[in-house]
Amino acid sequence: MYKLGPLTYIIDYIIEEVMQYSPLQTHLGTYRYYSEAYLTQRLAAKKNERRGFVFAGRKHGVETGLFFFNALMLGEISKELEAAEGDVAVAILFRDSDGTNSDPSDIWEQKKTSIEEGFRRAEFTRGVPMVPRPKSESWFICAAKENPYQHCADLEELSGNDKSPNSAKKMLSTILEGEATNERLLTWLEANGMDCRKLAEEMPSFAKFYERLISVLHAI
């Protein structure tokens, strides 16, 4: 069963912008959800089979290698769904970048690139990395703060560590006047929506996701 969350609404807003209909409103079954745990289990089964298994290579560290393999598994699943249902699939892999001061300066780019390479290795051409910087809370801060969709680029430099006093999650909780849970964010979205075009103009990490998804949808 699909796990409905606030990021699904963002995806749906973009699909509606391009395709002129909302899958959430017309056919919820359009969406399929595969957890990180499920993708990891599938990867483990592949390793056990030892048949044609592909390793990420030395250029991927342990963490970015996980992004690569998640995308590889999701790309394979998407191709299987297309074959089974005679339809076209779009795969969106969401992973927070969770950068900290000790990480390399290009860690966000490394993780996004690892996802792209994983989809490429799966030979799946409609894969979309969804990698907020440092995490999705920064996107919601931009939309929900007192002066929304203005001067938001610096939010991508917030700490991705929830224990930090200046973390993105703590800032968003303050804005929402309560813990930034999925339920609270869904309530906020129901009342306010999200202007994805404006958000893309302000948040570089969102712009990469937005532009890629728009391009994939136009190509269908």
Yes/no for Arg95 being within 22 Å of Ile10 (Cα to Cα), open to solvent by 20 Å² or more (accessible area, probe 1.4 Å), of a type outside the set (Ser, Thr, Tyr) and at pLDDT below 95: yes
Only one of Lys163, Lys170 that is in a loop (DSSP other than H, G, I, E, B) and of a type in the set (Lys, Arg): Lys163
Residue within the range 117-131 that is surrounded by fewer than 18 Cβ atoms within 10 Å (Cβ to Cβ), at positive phi and touching a residue at least 24 places away in the same chain (Cβ under 8 Å) present: yes
Residues of the range 150-172 that turn out to be buried (at least 18 other Cβ atoms within 10 Å of the Cβ), within 24 Å of Ile11 (Cβ to Cβ) and either out of contact with any Cys (no Cβ under 8 Å at 6 or more places or on another chain) or aromatic (Phe, Trp, Tyr) (or both), as a count: 7
Candidate set: the range 190-218, residues that are free of Cβ contacts under 8 Å to residues at least 40 places away in the same chain and touching a helix residue (DSSP H, G or I) at 6+ places or on another chain (Cβ under 9 Å); chosen: the one most open to solvent (accessible area, probe 1.4 Å): Glu190
Among residues of the range 177-189, those that are part of a helix (DSSP H, G or I), in contact with a helix residue (DSSP H, G or I) (Cβ under 7 Å, 6 or more places away or on another chain) and open to solvent by 30 Å² or more (accessible area, probe 1.4 Å), counted: 4
The range 1-39, residues that are within 24 Å of Leu72 (Cβ to Cβ), in a helix (DSSP H, G or I), in contact with a helix residue (DSSP H, G or I) (Cβ under 8 Å, 6 or more places away or on another chain) and hydroxyl-bearing (Ser, Thr, Tyr): Thr8, Thr30
Any chance Glu82 is modelled with pLDDT under 95, surrounded by fewer than 17 Cβ atoms within 10 Å (Cβ to Cβ) and in a helix (DSSP H, G or I): no
Test: Lys111 is crowded, with 22+ Cβ neighbours inside 10 Å, charged (D, E, K, R) and at pLDDT below 95: yes
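The values are calculated or read from the model by the stated rules, or taken from the named source; none is laboratory data. A quick note: this is a predicted structure, and the numbers were derived from the prediction, not measured. Methodologically, a virtual Cβ is constructed for each residue, glycine included, from the backbone with ideal geometry; neighbour enumeration extends over all protein chains shown. Heavy atoms of the whole protein, side chains included, go into the accessibility calculation; ligands, DNA and RNA do not. Shrake-Rupley method; radii C 1.70, N 1.55, O 1.52, S 1.80 Å.
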